[in-house]
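The structure appears right after this line, and notes come after that.
Bear in mind that the values in this text are calculations on the coordinates, not laboratory data. Bear in mind the structure is a predicted one, so any value in this text is a computation, not a measurement. Here the Cβ is made from the backbone with ideal geometry for all residues, glycine too, and neighbour counts use every protein chain on show.
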Amino acid sequence: MNKSVALILAGGVGNRMNLSIPKQFVMVDGLSVLQHTMLAFQQHMLISAIYVVSSPEWQNTVRQQVKAAGITKFAQCINSGENSFMSARNGILAIQEKEEESTVVLVHDAVRPLVSQDIISSNISVCLSRGNAITSLQSQESYMQIDKKTDVANEDIVASDYILREELLRAQTPHTFHLKELAEMFAEAEQRGITYSQSIFTLACELGHVPLYPAKGEMINFKLTMPSDIMLFQAILHQIRG
């Protein structure tokens, strides 16, 4: 049976949060955001190991929080790169040294702490049956397509087309592939001089590793990006816990 492991990307600095510490280490209801995320994978019966990508200066904190939260599946801290793409690459290279190439790897943002057991199960199931799995939701809105953008201010954005919501899926994480394919993708990216892509699934598209297969997503599996997201996360936790 294929092993399944989690690769949690926790190397971000969280500039948009305007905080003194990276947002994955912000405490919410007695646990850091990262601890909440790790616990979700710890609790899933099919996850055998948890790898965490983090900047070297925060790795002692990661290990302390692993111990405090009782994360027995923790396997290794891995040095982050200069961006999320390079952090994911570093993670895959490190996992290659410890896991079989048939291993299913769920690549997940540390700052999506409300990832559910159902989402994890769906990712593993879809990857095993179809070859990969991208957590996603059917879009609820139509989108305007930008024609010209000269600045970030709204008055400098011009839209001249649209994309129907029926034609869109909104991607979340995890992004799930067999280790062999992930290793091949990053090796091919290096050969082609690709040093950045927004995510694993966008890299797969750039390299032609398609089709991609949707796995179950959920509205509450959102990414903590702005200060208001921390408050929303806390409110949802209180609702879940009653």
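Listed from fewest to most Cβ neighbours within 10 Å, the set S125, S197, S20, S87 follows the order S20, S125, S197, S87. Electrostatic tally near G131: other residues with Cβ closer than 13 Å to its Cβ, Lys and Arg +1, Asp and Glu -1, net 0.
Rounded to whole Å, the principal axis extents of the Cα atoms in the chain read 52, 40, 34, largest first.
Estimate the FRET efficiency between N79 and M144 by the formula 1/(1 + (r/R0)^6), using the beta-carbon distance for r and 45 Å for R0, to the nearest 0.05. Before the final figure, lay out the partial values.
Numbers: r = 40 Å, r/R0 = 0.88.
Calculated transfer efficiency: 0.70.
Here is the size of the stretch 158-242 from its Cα atoms: Rg then Dmax, 17.2, 52 Å.
Report the relative contact order of the chain, percent, no decimals, based on alpha-carbon pairs under 8 angstrom and at least 6 residues apart.
It comes to 23 percent, rounded to a whole number.
Among the DSSP helices (H) of the chain, those spanning at least 20 angstrom by Cα along their long axis with an average Kyte-Doolittle hydropathy of 0.0 or more are 227-241; this is a geometric and hydropathy rule only. Think of the stretch 143-236 as having a plus end and a minus end, set by charges on the Cβ of Lys, Arg, Asp and Glu; of L168, S228, M144, S228 sits farthest toward the positive end of this dipole.
Comparing Q145, Q64, Q35 in a Gaussian network model of the chain (Cα springs below 10 Å), the most mobile by mean-square fluctuation is Q145. Relative to the current alpha-carbon distance between E166 and Q43, full extension at 0.36 nm per residue lengthens the span by 40.8 nm. Which of S80, S116, S102 moves the most in a Gaussian network model of the chain with Cα springs under 10 Å? With Cα springs under 10 Å in the chain, the top fluctuation among S80, S116, S102 is at S102. Legend: ranking of residues S136, S160, S48, S4 from fewest to most surrounding C-beta atoms inside 10 Å; resulting order S160, S48, S136, S4. For C127, C77, the sequence from fewest to most other C-beta atoms within 10 Å is C77, C127.
Using a simple spin-label model with pseudo-atoms 7 Å out from Cα toward Cβ, D118 and S102 lie 3.1 nm apart. Between N132, N60, N123, the residue with the greatest mean-square fluctuation in the GNM of the chain (Cα pairs under 10 Å linked by springs) is N60.
Give me Rg/Rg_expected for the stretch 1-128, where Rg uses Cα atoms only and Rg_expected = 2.2 N^0.38 Å with N residues. Spell out each step's value before the answer.
Numbers: Rg = 13.8 Å, N = 128, 2.2 N^0.38 = 13.9 Å.
Working it through for the stretch 1-128, the quotient is 0.99.
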